[in-house]
Amino acid sequence: MSESIFKHTAITMAIMVLFSLIGTGFLAYTYEITKAPIKASKAIEKMKSFEQVLPSKEYDNNLLNDFVDVPAGGELNNREVTKVYTARLAGKATAVILEATARDGYSGDIKLLIAVRNDGSLDGVRVIAHKETPGLGDYIDIAHGDWIKLFDAESLTKTSDEKWKVKKDGGQFDYMAGATITPRAVVKATHSALSYVAKNQNTLFAEHSAIIK
């Protein structure tokens, strides 16, 4: 009797192991055949987001293969390692595209995508993630208004450091009454990103990619 039970248990375990191996193999196969399409889809989406801050006519290189890695924190204030992409036209670096995070938004982190030209001016800024209050603080999102376009062509030379604030704080940037914290955070993060690019210009606009320590 005990021998019969042992055989039954052994057969059951063998069947379970077999199904586990088949399942693992199927998952591995599925991953392999979908890996390339998923990667391609992500690349297309990223390029679409780049187009919002930097027109494609301003570069002729493959942006996704031309970048430097930047550690978390610092002036960009991102919570993880990010990439700064370099746009080139006929071999000359024309702009960089980077992400920056405003951690002091009203409802949490506000993630920005920013393009800075080689002359230090902004080509475009877009909010790519936020949790701001709908109908109040979400006007920073291009989908809800043109406020974010206030940064177009701005730079550290055009606008002095003390003016990189909302008007309520003595600066030059407009804001919506009742929603000061949100634009204040975006202005601060954008200014910090410009400062970062200015300090690292030689590396960011270098001929070859590198890792910024």
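The values are calculated or read from the model by the stated rules, or taken from the named source; none is laboratory data. These figures come from a predicted structure and were not determined experimentally. Cβ atoms come from the backbone with ideal geometry, glycine included; neighbour counts cover every protein chain shown.
Do we find that V81 is assigned by TED's automatic domain parsing to the domain that holds S195 and in contact (Cβ under 8 Å) with a residue 24 or more places away in the chain in this structure? No, not satisfied.
A quick yes/no check of all residues on (1) on the phi < 0 side of the Ramachandran plot; (2) surrounded by 10 or more Cβ atoms within 10 Å (Cβ to Cβ); (3) modelled with pLDDT of 70 or more; (4) over 41 Å from the mean Cα position of the chain (by Cα):
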| position | (1), (2), (3), (4) |
| --- | --- |
| I15 | yes, yes, yes, yes |
| L18 | yes, yes, yes, yes |
| L27 | yes, yes, yes, no |
| I33 | yes, no, yes, no |
| K42 | yes, yes, yes, no |
| F50 | yes, yes, yes, no |
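Only a single criterion out of (1) more than 18 Å from I114 (Cβ to Cβ); (2) exposed (fewer than 15 other Cβ atoms within 10 Å of the Cβ) is not satisfied by Q172, namely (2). The criterion of being in the same structural domain as A102 (by TED's automatic domain parsing), in a loop (DSSP other than H, G, I, E, B) and on the phi < 0 side of the Ramachandran plot does not hold for T182.
Kindly indicate whether T190 is over 16 Å from the mean Cα position of the chain (by Cα) and β-branched (V, I, T). In short, no. Select from the stretch 173-190 the residues that are farther than 14 Å from I110 by Cβ and in contact with a Leu (Cβ under 9 Å, 6 or more places away or on another chain) and list them in ascending order. Residues satisfying the conditions are F173, D174, M176, G178. Of all residues in the stretch 87-117, those that are within 20 Å of D69 (Cβ to Cβ) and touching a residue at least 60 places away in the same chain (Cβ under 8 Å) total 10. Among residues of the stretch 165-189 that are in contact (Cβ under 8 Å) with a residue 60 or more places away in the chain, those with a beta-carbon under 8 Å from a residue that is polar (S, T, N, Q) at least six positions away or on a different chain give the pairs A179/T133; A189/N77; A189/T101. The residue that is surrounded by the most Cβ atoms within 10 Å (Cβ to Cβ), among those in the stretch 113-146 that are among the basic types (K, R) and under 15 Å from L98 (Cβ atoms), is R126.
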